[in-house]
Amino acid sequence: MVLSDAINNDIQLVGNEQYCLHYDQPLDAGGLTWRQLTTWWAARERLEASTETEVSQGLYQRLLKSADNEAEELILRRYAQRYVDVGPDIPALIPQVYLHYDPYTRHDLGPAGSPLPRQRMDFLLLFPNRTRIIIELDGLQHYADPKTRLAAPDRYAAVVAEDRRLRLRGYEVYRFGGSELVDREAASILLDDFFTHLAARYQP
């Protein structure tokens, strides 16, 4: 990933582009809807012969593959049901979005260095009026040592410190604990209720 035009903040993918979705259209005050995203996808993939439903289903399956676990898949599935129930002119739920990017790996940086914190967010929603919603799914690695499974205050402190920075930059952050989504039936009800209230809170 490189900056092709730093003045206009344009980026270009120069490697492994087949694994990334780079939405290259300008965003206006209306945010980014599922219809806008599928229209862009159809043009990019030259799917003129496909129906809107076929394009939508194809893009949804592409996004679903980026989920890291079953809980993230469930979040995507429950929100995708809203495209059916409410319609495609609602904010698109985008998984695995890079907020900032450090081209240096941990190996490059060495033991003294550290990559940018939380370069990638679990989910992003761009609502109207430039309201930016981050949804994070917290597993054990967010608050405990993965090896010992003991509480790790420093690890949790890093998470909440980054949340503060994000909020000061204009992002709203909503977190789910992994244990909330273990029971799939109860989790589906929980997520549906959350997304309904989220839309009521932020959509005009």
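The values are calculated or read from the model by the stated rules, or taken from the named source; none is laboratory data. Note that the coordinates shown come from a computational prediction; the quantities given were computed from them, not determined experimentally. Positions of Cβ are backbone-derived with ideal geometry, glycine not excepted, and every protein chain shown enters the neighbour counts.
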task: From 26, 88, grab the single residue that is surrounded by fewer than 18 Cβ atoms within 10 Å (Cβ to Cβ), at pLDDT 85 or above and in a loop (DSSP other than H, G, I, E, B).
output: 26
task: For the stretch 26-51, name all the residues that are in contact (Cβ under 8 Å) with a residue 40 or more places away in the chain and closer than 21 Å to residue 80 by Cβ.
output: 30, 31, 32, 33, 34, 35, 36, 37, 38
message: I want to confirm something. Restricting to the stretch 183-200 and keeping residues that are touching a residue at least 24 places away in the same chain (Cβ under 8 Å) and within 13 Å of residue 71 (Cβ to Cβ), which single residue is surrounded by the fewest Cβ atoms within 10 Å (Cβ to Cβ)?
response: 184
query: Which of (1) under 26 Å from residue 166 (Cβ atoms); (2) at pLDDT 85 or above; (3) not in a helix (DSSP H, G or I) does residue 77 not meet, given it meets every other one?
result: (3)
message: If I filter the stretch 29-52 down to residues being basic (Lys, Arg) and at pLDDT below 95, which single residue comes out as surrounded by the most Cβ atoms within 10 Å (Cβ to Cβ)?
response: 44
- prompt: Within the stretch 169-182, can you find the residues that are surrounded by 11 or more Cβ atoms within 10 Å (Cβ to Cβ) and of a type in the set (D, E, K, R)?
  reply: 172, 175, 180
message: Going residue by residue through the stretch 150-168, is there one that turns out to be surrounded by fewer than 10 Cβ atoms within 10 Å (Cβ to Cβ), more than 14 Å from residue 125 (Cβ to Cβ) and at pLDDT 90 or above?
response: yes
task: Pull up the stretch 148-204, narrow it to residues that are assigned to a loop (DSSP other than H, G, I, E, B) and not polar (S, T, N, Q), then point me to the one that is farthest from residue 89 (Cα to Cα).
output: 150
statement: A careful count of residues in the stretch 71-93 that are within 13 Å of residue 33 (Cα to Cα), within 14 Å of the chain's Cα centre (by Cα) and of a type in the set (Val, Ile, Thr) gives 0
- prompt: If you go through the stretch 162-182, how many residues are in contact with a strand residue (DSSP E or B) (Cβ under 8 Å, 6 or more places away or on another chain) and touching a residue at least 24 places away in the same chain (Cβ under 8 Å)?
  reply: 11
All positions within the stretch 116-147 that are at pLDDT below 60, assigned to a loop (DSSP other than H, G, I, E, B) and either surrounded by 15 or more Cβ atoms within 10 Å (Cβ to Cβ) or acidic (Asp, Glu) (or both): 143
